[in-house]
Amino acid sequence: PQAVRRIREYVELNYGKSYLSESEQARINRKFCTGIHKNCILYLTDGILQNPVIKNNQYRFSQLQFEKNKAYYGNNHWIIKRNISVLAESLKRAFIIRKDDSVSRSDAGQLVPERLWKIGRTDDDKLFNRKKRAEDSEFVIDVLIDSSGSQAGRQAQVAAQGYIISEALSIVKIPQRVMGFCTFGDFTIMQRFRDYEDDRAANERIFEFYGSVCP
């Protein structure tokens, strides 16, 4: 327990305070960290820039990477905007197709006279067409970004890609949550960049992304 406390203190210092209370954190770990994952710990945070313990070297590193990510966006503004527009239009078309009614052959529905010849001649009793109304199902989407050290060489690009996806989803009004993950020992750190209920302005927080070199 003492070793776990020390590691948790290190995680707080370098990834920011958790947005959950200790009891909520314990409940989540009891629910999800079971079986072979029993000794693992989920740590949920909004990140060191949003909720730091102190403004240490890791805070300054994260701030510097945030500025680099924003600079990359500024230098590639028109390309990124174009990609957002293309993805948003693709999503819109997909939803339009999904909402179209479909027609299928059936043994009840609207009679198709051209099929009447089959009566007594074949076993095919599907002489009707039935219209099936598309379901207006609502979607929610979770975007999970690899925040491990493997992304250290392309942090600005990953941040831009996450931003493109989030902006396109916002345009078509799909609720979304964007999170990053990395591991430190038995801890899996889940950083929340934006949540389902957040407005579009929260997408900017994705530029706080950085690839964490964790042992």
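Remark: C-alpha extents of segment 1-54 on the principal axes read 35, 21, 17 Å, sorted largest to smallest.
Taking label positions 7 Å along the Cα-Cβ direction at both Lys131 and Lys70, the computed distance is 5.3 nm, reported to one decimal. Note on the chain: helix-only mean residue ellipticity at 222 nm, from DSSP H runs of 4+ residues weighted -39500 (n - 2.57) and normalised by residue number, equals -13000 deg cm²/dmol. If you run the Gaussian network model on the chain, springs between alpha carbon atoms under 10 Å, then out of Val172, Val86, Val112 the most flexible one is Val112. Compared with the dominant principal axis of the Cα atoms in the chain, helix 77-99 is inclined by about 40°. For segment 10-24, the Karplus equation 6.51 cos²θ - 1.76 cosθ + 1.60, evaluated at θ = phi - 60°, returns couplings of 5, 4, 4, 5, 9, 10, x, 5, 6, 8, 9, 6, 4, 5, 5 Hz by residue, with Gly and Pro reported as x.
Rounded if a/c is under 1.5, else prolate if a/b beats b/c, else oblate: with a ≥ b ≥ c from the C-alpha gyration tensor eigenvalues square-rooted, which is segment 5-148? The shape class here is oblate. Of all DSSP bridge pairs formed entirely within the chain, close to 55 percent run antiparallel. Share of carbon and sulfur in the accessible area of the chain stands at 53%, probe radius 1.4 Å.
The count of lysine pairs in the chain that are at least 8 places apart or cross chains, and whose C-alpha atoms lie under 13 Å apart, stands at 5.
The values are calculated or read from the model by the stated rules, or taken from the named source; none is laboratory data. Note that the structure is predicted; figures quoted are calculated from it, not measured. No Cβ is skipped: glycine too gets one built from the backbone with ideal geometry, and neighbour counts run over all protein chains shown. Just so you know, the surface numbers come from the protein's heavy atoms only, side chains and all, with ligands and any DNA or RNA stripped out. Shrake-Rupley method; radii C 1.70, N 1.55, O 1.52, S 1.80 Å.
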